[in-house]
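Reviewing the structure listed below.
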Amino acid sequence: MLFDSLPRPNAYVAPGVGHVPGWVGISKQKALVEETREIARAYAHTPMAMVQPRLRSGGQMSVFQLHLGRYWHYLSYRYVDNMEGTVVPPVPDSLRELAPAALRQAAQVAPELEPWVDNFVPEMALVNYYPPGSDMGMHVDDSEESPAPVISLSIGDEALFRIGHTENRTKPWNDVTLCSGDLVVFGGPKRFAYHGVVRVNDGTLPKGCGLQEGRINITIRQVSASAVG
Ligand SMILES: O=C(O)CCC(=O)C(=O)O
Ligand SMILES: [Fe+2]
């Protein structure tokens with residue numbers, strides 16, 4: 001961050017949305033980057049490889065995605081557990097274990113998240129890599145049948161995260177700068193709100209986070225409505 005000494009307090013962004021700056025320490029950030037990078041390497045050249053997905057619209061995302069636990073198949077528009085016989089890599093314990101602590105912390109900021117603290121099942125994790133210059137358009141995370149909150153961890157370059165409402169992509173929005181180590185959880189009335197990443201600020205990442213450039217965002221999700229933990 002440009003002004004490292006500026007305080008960044010926990011923020012109740014909107015009902016159901018809690019922002020906890022610096023929730024993941026730098027050594028843990030590095031460990032998560034290295035662990036997910038190893039998985040990406042292991043699955044390179046398989047149908048589970050970390051790629052920029054092609055969309056049904058014919059476009060291609062500027063972000064690279066690695067799916068853990070379940071694979072979101074963009075073309076058939078559903079979650080699958082294997083692709084052409086390659087089984088989806090599991091959600092690593094390191095991410096599974098973060099989920100209840102993340103929810104507990106976020107629920108102190110956004111009380112609407114409280115019902116999920118002891119009931120959330122981390123069935124999948126999506127690792128997004130934002131190369132310099134990439135972004136993610138406003139969209140709704142509507143692939144999950146469960147209304148459980150989405151737990152989002154950011155590592156690397158600072159990003160401008162925007163969350164609006166459930167009707168359409170237009171204003172009003174809440175804009176949140178996400179720095180390396182920040183936690184955001186969105187659930188409750190904002191679980192199916194439009195959101196996106198307006199921009200990533202090149203070269204703003206802290207030393208020691210495990211990345212040389214760009215940004216990683218990891219979302220931890222419950223997919224099924226009646227998941228059993
Ligand atoms: O990168 C982010 O902060 C958000 C990512 C996101 O919205 C998604 O993966 O669905
Ligand atoms: Fe999303």
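Remarks
- For Leu153, the conditions (1) surrounded by fewer than 16 Cβ atoms within 10 Å (Cβ to Cβ); (2) under 19 Å from Arg104 (Cα atoms); (3) under 14 Å from the mean Cα position of the chain (by Cα) are fulfilled apart from (1).
- Look at segment 120-142: where a residue is closer than 13 Å to Leu160 by Cα and a partner is among the basic types (Lys, Arg) and near ligand 1 (Cβ under 9 Å from one of its atoms), sitting 6+ places away or on another chain with Cβ atoms under 7 Å, you get Tyr130/Arg215.
- Residue that is farthest from Pro115 (Cα to Cα) [pool: residues in segment 142-161 that are of a type in the set (S, T, N, Q) and near ligand 1 (Cβ under 10 Å from one of its atoms)]: Ser154
- Contacts under 9 angstrom Cβ, first residue in segment 156-171 being among the aromatic types (Phe, Trp, Tyr), partner exposed (fewer than 15 other Cβ atoms within 10 Å of the Cβ) and outside any loop (DSSP other than H, G, I, E, B), 6 or more apart: Phe161/Asp175; Phe161/Val198
- Meets criteria (within 16 Å of ligand 1 (Cβ to nearest atom) and either within 14 Å of Gly187 (Cα to Cα) or of a type in the set (Ser, Thr, Tyr) (or both)) for Thr36: yes
- Taking (1) loosely packed, with under 13 Cβ neighbours inside 10 Å; (2) closer than 19 Å to Gln29 by Cβ in turn, Gly133 satisfies each apart from (2).
- Residue that is nearest to Glu158 (Cα to Cα) [pool: residues in segment 85-140 that are assigned to a loop (DSSP other than H, G, I, E, B) and of a type in the set (Asp, Glu)]: Asp135
- Single residue of Val127, Val109, Val121, Val117 found to be away from ligand 2 (no atom under 16 Å from the Cβ), under 25 Å from Arg37 (Cα atoms) and among the hydrophobic types (A, V, I, L, M, F, W, C): Val121
- Checking Thr36 against (1) touching a Pro at 6+ places or on another chain (Cβ under 9 Å); (2) in a loop (DSSP other than H, G, I, E, B); (3) touching a residue at least 40 places away in the same chain (Cβ under 8 Å), the condition it does not meet: (2)
- Test for Ser180: is it touching a residue at least 24 places away in the same chain (Cβ under 8 Å), assigned to a loop (DSSP other than H, G, I, E, B), under 13 Å from the mean Cα position of the chain (by Cα) and away from ligand 1 (no atom under 11 Å from the Cβ): yes
- Counted residues, segment 185-229 - those being surrounded by fewer than 18 Cβ atoms within 10 Å (Cβ to Cβ) and charged (D, E, K, R): 4
- Each residue in segment 83-107 was checked for being acidic (Asp, Glu) and closer than 14 Å to Pro122 by Cα, and 2 pass.
- All positions within segment 146-168 that are part of a loop (DSSP other than H, G, I, E, B) and within 16 Å of ligand 2 (Cβ to nearest atom): Ser146, Pro147, Ala148, Pro149, Gly164, His165, Thr166, Asn168
- All positions within segment 190-214 that are in contact with a Lys or Arg (Cβ under 8 Å, 6 or more places away or on another chain) and either within 16 Å of ligand 2 (Cβ to nearest atom) or under 13 Å from Met136 (Cα atoms) (or both): Tyr194, His195, Gly196, Val197, Val198, Val200
- Residue match in segment 204-219 (condition: of a type in the set (S, T, N, Q), away from ligand 1 (no atom under 11 Å from the Cβ), out of contact with any Phe, Trp or Tyr (no Cβ under 8 Å at 6 or more places or on another chain) and more than 26 Å from Val117 (Cα to Cα)): yes
Read-outs throughout are calculated quantities, based only on the coordinates presented, and are distinct from any laboratory measurement. Everything numeric here is computed off the predicted structure, so don't read it as measured data. Neighbour counts run over all protein chains shown; Cβ positions are idealised from the backbone, glycine included.
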